[in-house]
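Visitor: What follows is a structure written as structure tokens; I'll ask about it next.
The values are calculated or read from the model by the stated rules, or taken from the named source; none is laboratory data. Keep in mind that what you see is a predicted model, and the values were worked out from it rather than measured. Every residue, glycine among them, receives a Cβ derived from its backbone with ideal geometry; neighbour counts consider all protein chains shown. These area figures cover heavy atoms from the full protein model, side chains too; ligands, DNA and RNA do not enter into them. Shrake-Rupley method; radii C 1.70, N 1.55, O 1.52, S 1.80 Å.
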There are 2 protein chains.
Amino acid sequence: MKEGSKGKILQKGARIIHLKGYNNTGIQEILDAARVPKGSFYNYFKSKEDFGLQVIDFFVDHFDEVSKGILEDASIPPLKRIEKTLDQYMGLFKSMDYSCGCPIGNLSQEMGDLSPIFRERLRRALDLIAEKYAMVLREAQGAGEIPGNLDVMEAAYFIVSSWHGALVHMKVVKGPGPLENHKKFIFERVLRP
Amino acid sequence: MKEGSKGKILQKGARIIHLKGYNNTGIQEILDAARVPKGSFYNYFKSKEDFGLQVIDFFVDHFDEVSKGILEDASIPPLKRIEKTLDQYMGLFKSMDYSCGCPIGNLSQEMGDLSPIFRERLRRALDLIAEKYAMVLREAQGAGEIPGNLDVMEAAYFIVSSWHGALVHMKVVKGPGPLENHKKFIFERVLRP
């Protein structure tokens, strides 16, 4: 976690953008939440856009930490790691009253059409996340846990994109249903031997 | 399609919201696009919120028309109708350079946390869309096209939510990949006998 004023701005700003979206969030609001003076924003960020791109990196770093703790834990059987990751996020969203969703998914939806520079950064983020899942699926395939003829990269992208869709529905349903349904279909249909 | 000034405002407004989001769209911008004077907006809509809710109904009516033309066409085998529906939307998004995504999904993502009244309207919209797919899956089950033990309502929600996720990724990838991947996994894994 980044320290100091820059870290505070990123943390508070990420939280507000996570809830309200990028275009719907003003710099002043972020500075008020982080309790830092306006001047310091421009010490750390060239523009609101530059800040938004660094927020994407901030969220990717967060997923990377979760991934290191679970998806890359070789002491757990591969498929179990994916299940644990989904369960961990389901617990997180429960604690957040099923709000917000995935910040990378949200920003993809909001900014995908509006900014080529956001799009490029988000595409890299989605690739990185899917790659982590594909790595685990490759191990699962080696261990005979999933069908040998499954294209693990395609399956990884499908797990991530359908998860993003489930999170969109979760925000409307305000309950765990869409996430549980996602997990059920991924494990009982998509990945079953 | 609604006629007159109200219809024009809804059509133009729906298009702008589809591209830019609800909070990021101003009433003036909609009126300029529809070429109607400001006064007439408040003849038809109590507020921007009231307008937004009617935009949701406008999009649901659009899906309903597509559904009547394909999903409810008893002359086509049930699964083929779902495939044709996905293909029709894929053609639509191709013609839009893979932009915008599903307006119901977008508004769910954007407004799910911000407004209980939007949430309720969107939840009804998602239920209605899933119900249409469930109806076809029920027929597919009767015809032995999909497994008899598949819960068609759960499967319908999964098809819709994972489609919304695929559309989010489409906006970043700017190509058909995520939609093709969705279709592949729905037909080859989720629904296969």
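Visitor: Go through B:LYS84/B:LYS174; A:LYS132/B:LYS184; A:LYS183/B:LYS171; B:LYS8/B:LYS38; A:LYS171/B:LYS12; A:LYS80/A:LYS184 and tell me which ones have a Cα-Cα distance over 18 Å in this structure.
Guide: Over 18 Å Cα-Cα: B:LYS84/B:LYS174; A:LYS132/B:LYS184; A:LYS183/B:LYS171; A:LYS171/B:LYS12.
Visitor: For chain A, what is the calculated [θ] at 222 nm in deg cm²/dmol (nearest 500), taking -39500 (n - 2.57) for each run of four or more DSSP H residues and dividing by its residue count?
Guide: Value at 222 nm, helices only, nearest 500: -23500 deg cm²/dmol.
Visitor: Moving to a separate point now. Would you please give the FRET efficiency between B:ASN149 and B:TYR89, computed as 1/(1 + (r/R0)^6) with r the Cβ-Cβ distance and R0 = 35 Å, to the nearest 0.05?
Guide: 0.75
Visitor: Something else: Using only the alpha-carbon atoms, what does the protein assembly as shown span along each of its principal axes? Please give whole angstrom values in decreasing order.
Guide: 57, 56, 33
Visitor: Work out the P(r) tail for segment B:49-193: percent of alpha carbon pairs separated by more than 17 Å, whole number.
Guide: 61 percent
Visitor: Going by a ≥ b ≥ c, the root eigenvalues of the Cα gyration tensor, does segment A:1-62 fall in the rounded group (a/c under 1.5), the prolate group (a/b larger than b/c) or the oblate group?
Guide: In terms of gyration-tensor shape, rounded.
Visitor: At 7 Å along the Cα-to-beta-carbon direction for both A:VAL66 and B:ARG138, put a label point, then send me their distance in nm to one decimal.
Guide: Computed distance between label sites A:VAL66 and B:ARG138 equals 3.6 nm.
Visitor: Rounded to the nearest 100 Å², what is the buried accessible area between B and A, both sides summed, probe 1.4 Å?
Guide: About 4000 Å² of accessible surface is lost on pairing.
Visitor: Sticking with this one: Tell me, what HN-Hα J-couplings in whole Hz come from the Karplus equation 6.51 cos²θ - 1.76 cosθ + 1.60 at θ = phi - 60° for each residue of segment A:10-19, using x for Gly and Pro?
Guide: Running phi through 6.51 cos²θ - 1.76 cosθ + 1.60 with θ = phi - 60° gives 5, 5, 5, x, 4, 5, 5, 5, 4, 7 Hz.
Visitor: To one decimal in nm, how far is A:GLY26 from the same spot in the other copies, if labels go 7 Å from Cα toward Cβ? Please give the shortest first.
Guide: 1.4
Visitor: A follow-up question, please. Going 7 Å from Cα along the Cα-Cβ axis for the label, what nanometre distances separate B:TYR42 from the same residue across the other copies?
Guide: Copy-to-copy label distances at B:TYR42, shortest first: 3.8 nm.
Visitor: Once the label point is set 7 Å along the Cα-to-beta-carbon vector, what list of distances in nm do you get between B:ASP57 and its counterparts in the other copies?
Guide: Listed shortest first, these distances are 4.8 nm.
Visitor: Still on this model: Under the Karplus relation 6.51 cos²θ - 1.76 cosθ + 1.60, θ = phi - 60°, what is the ordered set of whole-Hz ³J(HN,Hα) values for segment B:27-36, x standing for Gly and Pro?
Guide: Those phi angles translate into 4, 4, 4, 5, 5, 4, 5, 7, 6, 10 Hz.
Visitor: What percentage of the solvent-accessible surface of the protein assembly as shown, computed with a 1.4 Å probe over protein heavy atoms, is contributed by carbon and sulfur atoms?
Guide: It is 51 percent, rounded to a whole number.
Visitor: Report which residues of segment B:159-175 become buried by 50 Å² or more of accessible surface when going from the isolated chain to the complete set of protein chains (1.4 Å probe; DNA, RNA and ligands ignored).
Guide: For segment B:159-175, once contacts with the other chains are taken into account, B:SER161, B:VAL168, B:HIS169, B:LYS171, B:VAL172 lose 50 Å² or more.
Visitor: May I ask you to give the solvent-accessible area per residue for chain B, in square angstrom, as obtained with a 1.4 angstrom probe?
Guide: That works out to 43 Å² for each residue.
Visitor: Could you give me the ³J(HN,Hα) list for segment B:177-192, computed from phi with Karplus coefficients 6.51, -1.76, 1.60 and θ = phi - 60°, whole Hz, x at Gly and Pro?
Guide: Karplus-based 3J(HN,Hα) across segment B:177-192 equals x, x, 6, 5, 5, 4, 4, 4, 6, 5, 7, 8, 10, 5, 9, 5 Hz.
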